[in-house]
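Heads up: the structure comes next, in structure tokens.
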Amino acid sequence: MLAGCGDNSASPETQASAQTESSVEIIPHTVVYQEDVISVEAIGTARAEKFAVIRADSGGEVTRVNFKAGDRVEKGDVLLTLESDEERLAANRAEVALKNSQQLIDRYERIDVPGAISDSQIDEAKTAVEAAQIDLELADVALSRRAVRAPFSGTVGLTDIDAGARITPETEITRLDDRSTLFVDFQAPEQVYSCITPGDTISMEPFSGQGRTYEATVLTIDSRIDQVSRSFTVRAAIDNEDDTLRPGMSFKIGFDVAGQAYPVVPEAAIIWGGDGAYVWAVEKGRATRVSVTIVDRQDGNVLVRAPIPEGNTIISEGVQKVREGTPVDLTRINPTTSAIEKQGPTGQAPNMVEGT
């Protein structure tokens with residue numbers, strides 16, 4: 001009765017069958033890294049490179065308005081004049097005082113009699129000349145302020161001021177814009193702060209532009225992040241030499257920036273468990289579980305955040321057959337029936353990510 005228990009060793013055929021069953025055929029995928037693309041959409045508002053609200057330095061009655069809305073003016077052009085009779089008379093009086101002081105000096109210099117004129121008299125006369133020169137300059141400044149001039153070249157806007165009106169230094173006369181170049185400010189999210197640098201080119205489309213786009217150059221980036229919106233301000237410049245754009249216009253802004261590099265895996269390789277998503281990696285011929293966080297999905301592939309070095313192998317198909325530590329067999333796949341290319345001499349299948 002014990003004859004059947006004398007030899008418990010399996011036959012070679014049985015051992016080979018057990019080895020074949022324990023090795024699971026899978027489709028491998030070689031991991032490559034790809035940068036995540038961050039799409040930024042924003043709305044920007046334009047302002048002139050130079051702009052100013054024009055006001056008078058002093059108040060009074062307007063005697064003349066020398067511009068109309070839309071006129072091109074040059075730096076120093078007189079835009080408006082105020083009544084200036086008192087200032088003109090003060091300047092004339094200062095000029096007479098200076099002339100009298102200078103004549104006194106001239107008389108002293110023509111006297112040749114030694115001791116006739118003391119040194120103190122000469123010093124007083126020179127001081128009187130200097131004081132008269134200062135009074136004349138002050139009078140000229142006061143007179144010049146009765147004319148309002150353009151601080152730079154540009155285009156003037158509307159005005160509600162006419163000759164005969166009385167204005168104060170707080171009265172807005174008009175606005176002046178140098179719109180040969182427009183600045184466009186817009187908000188960008190915090191995560192792209194290190195991806196935008198001065199000199200970058202960004203396409204912008206005005207809402208009133210009927211599909212026309214303009215190339216803007218990034219000039220500067222704000223030095224801080226807004227704590228509420230978690231965004232920062234970018235200022236870009238648009239060449240407006242053809243004068244088709246206006247300050248205050250709004251622009252649609254859209255561009256892509258390259259973000260951090262992440263492992264790329266096929267979407268079919270992602271498995272969801274009770275503690276989140278994971279993939280099966282192949283280490284030393286055996287399956288090992290690696291937790292992943294999905295960053296982005298791109299045409300059947302997924303960018304994940306996971307400790308998977310570039311060039312390592314994961315299981316793209318056959319994931320249902322494996323458990324932790326399961327031996328795996330890297331199957332040769334016909335490229336006509338699989339999205340993965342035929343494996344190379346190393347037994348690994350290269351990644352087929354579009355654009356890599």
Which whole-angstrom value gives the distance between the alpha carbon centres of the range 153-185 and the range 189-249? 26 Å
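Which net charge results when you count Lys and Arg as +1 and Asp and Glu as -1 among the other residues whose beta-carbon is under 12 Å from that of Val40?
On the way: positive: Lys252; negative: Glu41, Glu190, Asp200, Asp256.
That works out to -3.
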Rounded to the nearest 10 Å², the accessible area of Tyr262 at probe 1.4 Å: 20 Å²
Qualifying GluC sites (Glu not before Pro) in the range 140-238, DSSP loop, other Cβ atoms within 10 Å at most 11: Glu170
At 7 Å along the Cα-to-beta-carbon direction for both Arg305 and Arg93, put a label point, then send me their distance in nm to one decimal. 7.8 nm
In degrees, nearest 10, range 0 to 90: what is the angle between the Cα axis of helix 85-110 and the longest Cα principal axis of the chain? 60 degrees
Top mean-square fluctuation among Gly157, Gly44, Gly211, Gaussian network model of the chain, C-alpha springs under 10 Å? Gly211
In nm, to one decimal, how far is the Glu170 label point from the Asp243 one, both placed 7 Å along Cα→Cβ? 3.5 nm
Which listed residue (Leu104, Thr127, Ala116) has the Cα farthest towards the positive end of the charge dipole for the chain, taking +1 on Lys and Arg C-beta and -1 on Asp and Glu C-beta about the Cα centre? Thr127
Between Rg and the Kirkwood Rh of the chain, both from Cα atoms, what is the Rg to Rh ratio? 1.43
Using the crude model of +1 on Lys and Arg Cβ and -1 on Asp and Glu Cβ, and no other charge, please compute the dipole size for the chain relative to its Cα centre, in debye to 20. 620 debye
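Can you list the trypsin sites (Lys or Arg not before Pro) in the range 204-302 that are in a DSSP coil and have 13 or fewer other beta carbons within 10 angstrom? Mind showing how you got there, number by number?
Working: sites: Arg212, Arg224, Arg230, Arg235, Lys252, Lys284, Arg286, Arg289, Arg297; in loops: Arg212, Arg224, Arg230, Lys284.
Loop-located and lightly packed - Arg212, Arg224, Arg230, Lys284.
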Check: C-alpha center the range 263-334 vs C-alpha center the range 87-131, spacing in Å is 100 Å
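Report the full-extension gain for the segment Arg55 to Ser208: residue separation times 0.36 nm, less the Cα-Cα distance, to one decimal in nm.
Values: separation 153, 0.36 × 153 = 55.08 nm, distance 3.15 nm.
Taking 0.36 nm per residue and subtracting the Cα distance, the gain is 51.9 nm.
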Thr288-Leu219 FRET efficiency (beta carbon distance; Förster radius 56 Å; 0.05 resolution): 0.65
Extension gain Leu158-Val141, at 0.36 nm per residue separation less the Cα-Cα distance, in nm? 3.3 nm
Restricting to aspartates and glutamates and to Cα separations under 13 Å from Lys284, and discarding same-chain partners fewer than 8 apart, the set is Glu324, Asp329
In degrees, nearest 10, range 0 to 90: what is the angle between the Cα axis of helix 119-144 and the longest Cα principal axis of the chain? 60 degrees
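The values are calculated or read from the model by the stated rules, or taken from the named source; none is laboratory data. Because the structure is a prediction, the values reported are computed rather than measured. Cβ sites come from the backbone with ideal geometry, for glycine too, and all protein chains shown count toward neighbours. Surface accessibility is based on the protein's heavy atoms, side chains included, excluding ligands, DNA and RNA. Shrake-Rupley method; radii C 1.70, N 1.55, O 1.52, S 1.80 Å.
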